[in-house]
Amino acid sequence: MTSHIYDLIIIGSGPAGLAAAVYAQRACLDTLIIERSTVSGGQILNTYEVDNYPGYPGISGYELGMKLREHADHLGAQFKEDTVLKIEDKGLENLKQVIGMNENYEARTLILATGAVHKKLGIPGEKELTGAGVSYCATCDGAFFRNRTVAVIGGGDVAVEDAIFLSRMCSKVYLIHRRGKLRAAKSLQNQLFSKGNVEILWNTEAEAIKGDGAVESLLLQDHVTGEKKEISLQGVFIAVGIQPETAAFEGVVDMEQGYIKAGEEGITSVPGIYAAGDVRTKKLRQIVTAAADGANAVTSAEQYLSDLKRG
């Protein structure tokens, strides 16, 4: 049984959830933030250096995550460590229930800010060198590899967009694709094929990423000929897809390919439930857009609560 009804529960404490916490505290909403990890910050904790968040050039991902959490703590935000298993729209008195592994919670509004995780290759060296040459975001980290040699692994729109983006600043870009043709849009493929410093390695899979403290080379195998080779480079960008963390919300809010359908205001298909950050349908998934989503979602929740009070 739950004994306390919050104005707002925020699920997740990455940049979107922490920005929402700050705005909720400033709005004097009775708020609880539920985070499954012992440390707030989300994906950015694994980013060696962040160079595109305004005002903090070159800050480490861990330090930025701590600053965001400190801001929320300074305003008196209440955090609870728990894993959310599912949510329910109870219908009675406009209440939403959050069912956690440790206990259950109730609120009149929810902000879903659980983010997304990049799909991994699961090859040797990937985990060890993440943040030291291995990246999952070309727009985040590409500038660190100016005039250097890099590889992009993947064959969809994101991989091809990443290769095009990196070709503008890197001396050489390899695109590693396990099939004999790309899945990306034809318009993107045409752009890619026009780049003189991009080399596509077809029917090829990465077997290992090598380096002592930083990426130095990539071990590859052509699965048609069986030939193995090792290429020297300084960066490996993995673009084989991302997976939104939305399993706990299935069947409650409308989704599209696993992402919660919500626009800039964070409004979902269920009144009183909002989505913010990488978990929602959107074009650009960056720290700055996640933070903006958190602010917008709280504004939407405030309006909803105000309308409830007016009856």
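How many residues, within the range 161-187, are in a helix (DSSP H, G or I), out of contact with any strand residue (DSSP E or B) (no Cβ under 9 Å at 6 or more places or on another chain) and of a type in the set (D, E, K, R)? Number satisfying all stated conditions: 2. Of the strands (runs of 3 or more DSSP E) lying entirely inside the range 215-307, those containing at least 2 residues that are surrounded by fewer than 24 Cβ atoms within 10 Å (Cβ to Cβ) are 217-222, 228-232, 242-244. Among residues of the range 68-106 being among the basic types (Lys, Arg) and surrounded by 13 or more Cβ atoms within 10 Å (Cβ to Cβ), the one that is farthest from Val22 (Cα to Cα) is Lys86.
Of all residues in the range 22-38, none satisfies being closer than 30 Å to Val134 by Cβ, at pLDDT below 95, within 15 Å of the chain's Cα centre (by Cα) and hydroxyl-bearing (Ser, Thr, Tyr).
When restricted to residues that are aliphatic (A, V, I, L, M) and assigned to a helix (DSSP H, G or I), the range 22-66 contains 6. Restricting attention to the range 39-71, the residues that are among the acidic types (Asp, Glu) and modelled with pLDDT of 95 or more add up to 1.
Restricting to the range 146-162, give me the number of residues that are crowded, with 22+ Cβ neighbours inside 10 Å and free of Cβ contacts under 8 Å to residues at least 40 places away in the same chain. If you could, list the steps in order and put the result at the bottom.
Just the residues of the range 146-162 that are crowded, with 22+ Cβ neighbours inside 10 Å, to begin with: 150-155, 159-160, 162.
With free of Cβ contacts under 8 Å to residues at least 40 places away in the same chain added as a condition, the list becomes 155, 160.
Within the range 146-162, residues that are crowded, with 22+ Cβ neighbours inside 10 Å and free of Cβ contacts under 8 Å to residues at least 40 places away in the same chain number 2.
Pairs are defined by a Cβ separation below 8 Å, a sequence spacing of at least 6 or placement on different chains, a first member in the range 120-135 that is among the acidic types (Asp, Glu), and a second member that is surrounded by fewer than 17 Cβ atoms within 10 Å (Cβ to Cβ); the pairs so defined are Glu126/Lys120.
Residues in the range 200-214 that are surrounded by 12 or more Cβ atoms within 10 Å (Cβ to Cβ) and either in the same structural domain as Asp278 (by TED's automatic domain parsing) or farther than 15 Å from Ile123 by Cβ (or both): Ile200, Leu201, Trp202, Asn203, Ala214.
Of the residues Arg178, Arg168, only one is among the basic types (Lys, Arg), closer than 23 Å to Ala116 by Cβ, at pLDDT 95 or above and not assigned by TED's automatic domain parsing to the domain that holds Ala297; which? Steps first, answer last, please.
Values: Arg168 fails: closer than 23 Å to Ala116 by Cβ.
Only one candidate qualifies: Arg178.
Scanning the range 26-62 for residues that are within 30 Å of Tyr6 (Cβ to Cβ), without any contact (Cβ under 8 Å) to a residue 60 or more places away in the chain and either among the acidic types (Asp, Glu) or surrounded by fewer than 20 Cβ atoms within 10 Å (Cβ to Cβ) (or both) yields Arg26, Cys28, Asp30, Glu35, Arg36, Ser37, Thr38, Val39, Leu45, Tyr62.
The values are calculated or read from the model by the stated rules, or taken from the named source; none is laboratory data. The structure displayed is predicted, hence computed values, not measured ones. Every residue, glycine among them, receives a Cβ derived from its backbone with ideal geometry; neighbour counts consider all protein chains shown.
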